[in-house]
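Data first, discussion second: the structure below is written as structure tokens.
The values are calculated or read from the model by the stated rules, or taken from the named source; none is laboratory data. Nothing here was measured: the structure is a model prediction, and the numbers come from that model. In this analysis, Cβ positions are derived from the backbone assuming ideal geometry, glycine residues included, and neighbour counts consider all displayed protein chains.
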Amino acid sequence: MKKAYRNLFYKSLALVTVLTVSSCKKFVELGAPPTQILFGDAFRTDASAQSVVLGLYSNNVTTSSIGNFTFLSGISADDLQYNSTDVIFQEFANNAITTTNASNANNLWANSYSLIKNANNAISGINASTTLTPSVKNQLLGEAKFIRAFVYFYLVNLLGDVPLPLKDDYSAFENALLPRTPSAQVYAQIIQDLTEAQSALPTAYVGTFRGRINKHTATALLARVYLYQKDYASAEAQSTQVISSGTYSLPAPELAFINSSNEIIWQIGNLTGVSLFGGNYVTVGSTTIPAFSLPETTYQSFESTADLRRTNWVAPKTVSGRIFYGISKFKLSSGTGNEYNVVLRLAEQYLIRAEARAQQNNLSGAKTDLDIVRARAGLAGVSATLNQAQILAAVEQERKVELFGEWGHRWLDLKRTNRANVVIGALKPTTWKTTSVLFPIPQAQIIINNTLTQNPGYN
């Protein structure tokens, strides 16, 4: 008996016009999606299978992932300042998260695994299909595997060991009762998914505005994964592929985040041209306080007042005598515009390669990459006399002032380099514990699945 495939991602079909303008006509011809179709039928034609995979880009990746992976991680570090009094956010800002924090901790888990489930269903259906055009089949399979890897990357970094469901809804009961998988195995699956995505995806972007994942997207994330795994030779090799592709360049800081920026490797489209980042960082009016801003300590850590990132990406604003350092990488908070949700960009690849080269004692190569990022910011190169430890410290600083407010980079950097206790512990001495480097497993999930165990410090 064929399995019913219910409500499979179709509510995001409006996004298709942004992600693949060249294919609009096909999707219009599909008509209104049914509320229930047979599993196999969803992958019978190129158009219906593309609709399924395009759904993976929608609400969960944009709203849920940006909110969970960027804002919660940012306020947990010295990357974002939370400017309201909502207790469920304050728990993250204080690094004192309760296991019953349903609105954030549980949503992070539930939304992530919902997206993984949908990706698993797509991978299974695409693999089983015998009617898809081979090039379309490869493209869709690569996209689905990339998205699964992307979500697992954040889960394993934020929570540590996590369940690793890889089967479709035929195994829903089995998936629901999986125990936590060791982080090393999760990382192995991430690398496998990204490597297979590289092989399956085309180099050229499908559609416009780099809204669909391509080979370079998979390579860029794989470079980051290898860096986190301390496989520095592989991290350097992968980032070099992206940098030397000739596809990307570093525009002036004020142009870096518009949707036509040549720095962007992957961005998630929207219908208004206003990003979720801008909606949470940018405010209009003299008395409106941004939901999230840059902490003063981070603002003051810029090496020079002439740093173009400081002048173009931070907008100080005084409200009732208090200064808020608004984040202005994205310029718009409402209306219509030309900004999408940027996920991966070229500057990170230079910083990945700089760190990987420094770790391999190629200090001149590391300096070259650092200087490229600094030159775009209007800064002189770092000293040629820096030793390895000093170069690595310079990379950490450059990542701090280059990647702030984007996808939790600062939080993950401090954790992976074992610097969180020193840096965050000094900023939040009354609430920080060494076990705060991991978020808790939501108690609601442990009640549902009693094979799950809690992270240290939360029992």
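The conditions are (1) surrounded by 15 or more Cβ atoms within 10 Å (Cβ to Cβ); (2) of a type in the set (A, V, I, L, M); (3) more than 20 Å from the chain's Cα centre (by Cα), and ILE352 fails exactly one of them. Which is it?
(3)
Pick from VAL382, VAL395, VAL422, VAL437: which is surrounded by fewer than 13 Cβ atoms within 10 Å (Cβ to Cβ) and either under 21 Å from TYR154 (Cβ atoms) or at pLDDT 95 or above (or both)?
After ruling out the rest, the residue left standing is VAL422.
Of all helices (runs of 4 or more DSSP H) completely enclosed by segment 66-132, which ones contain at least 1 residues that are assigned by TED's automatic domain parsing to the domain that holds LEU414 and modelled with pLDDT under 95?
Of the helices (runs of 4 or more DSSP H) lying wholly inside segment 66-132, those with at least 1 residues that are assigned by TED's automatic domain parsing to the domain that holds LEU414 and modelled with pLDDT under 95 span 87-93, 107-128.
What's the number of the only condition in (1) surrounded by fewer than 18 Cβ atoms within 10 Å (Cβ to Cβ); (2) in the same structural domain as ASN68 (by TED's automatic domain parsing); (3) at positive phi that THR368 fails to meet?
(3)
Restricting to segment 49-58, count the residues that are closer than 11 Å to LEU140 by Cα and in a helix (DSSP H, G or I).
Here the count works out to 6.
List every residue pair whose Cβ atoms sit under 6 Å apart, with the two residues 6 or more apart in sequence or on different chains, where the first one lies in segment 438-458 and is at positive phi and the second, anywhere, is surrounded by fewer than 18 Cβ atoms within 10 Å (Cβ to Cβ) and not charged (D, E, K, R).
These pairs meet every condition: GLY457/THR435.
Check LYS415, LYS400 and return the single one that is among the basic types (Lys, Arg), at pLDDT 95 or above and more than 19 Å from PHE153 (Cβ to Cβ).
Just a single option satisfies the conditions, and that option is LYS400.
Here is a yes/no grid of residues against (1) in contact with a strand residue (DSSP E or B) (Cβ under 8 Å, 6 or more places away or on another chain); (2) closer than 28 Å to ASN104 by Cα; (3) not hydrophobic (A, V, I, L, M, F, W, C):
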position: GLN139; (1), (2), (3): no, no, yes
position: PHE153; (1), (2), (3): no, yes, no
position: PRO163; (1), (2), (3): yes, yes, yes
position: ARG180; (1), (2), (3): yes, yes, yes
position: HIS216; (1), (2), (3): yes, no, yes
position: LEU221; (1), (2), (3): yes, yes, no
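Pick out the one residue from PHE146, PHE209 that is surrounded by fewer than 23 Cβ atoms within 10 Å (Cβ to Cβ), closer than 15 Å to TRP266 by Cα and not polar (S, T, N, Q).
Residue meeting the stated conditions: PHE209.
Quick check on my filter: what residues within segment 329-346 are closer than 30 Å to GLN241 by Cα and part of a loop (DSSP other than H, G, I, E, B)?
Those that are closer than 30 Å to GLN241 by Cα and part of a loop (DSSP other than H, G, I, E, B): LYS329, PHE330, ASN338, GLU339, TYR340.
Any chance segment 240-254 includes a residue that's of a type in the set (S, T, N, Q) and either within 30 Å of ASN418 (Cβ to Cβ) or touching a strand residue (DSSP E or B) at 6+ places or on another chain (Cβ under 6 Å) (or both)?
yes
From the list ASN449, ASN459, which one is modelled with pLDDT under 95, surrounded by fewer than 17 Cβ atoms within 10 Å (Cβ to Cβ) and not charged (D, E, K, R)?
ASN459
Restricting to segment 434-454, what's the tally of residues that are part of a loop (DSSP other than H, G, I, E, B), among the polar types (S, T, N, Q) and touching a Ser or Thr at 6+ places or on another chain (Cβ under 8 Å)?
Matching residues across segment 434-454 total 1.
Residues being more than 18 Å from the chain's Cα centre (by Cα) and either in a helix (DSSP H, G or I) or surrounded by fewer than 17 Cβ atoms within 10 Å (Cβ to Cβ) (or both): count how many of those fall in segment 178-194.
The total comes to 7.
Could you count how many residues in segment 303-320 are under 17 Å from LEU403 (Cβ atoms) and either in contact with a His (Cβ under 6 Å, 6 or more places away or on another chain) or of a type in the set (A, V, I, L, M, F, W, C) (or both)?
The qualifying residues number 3.
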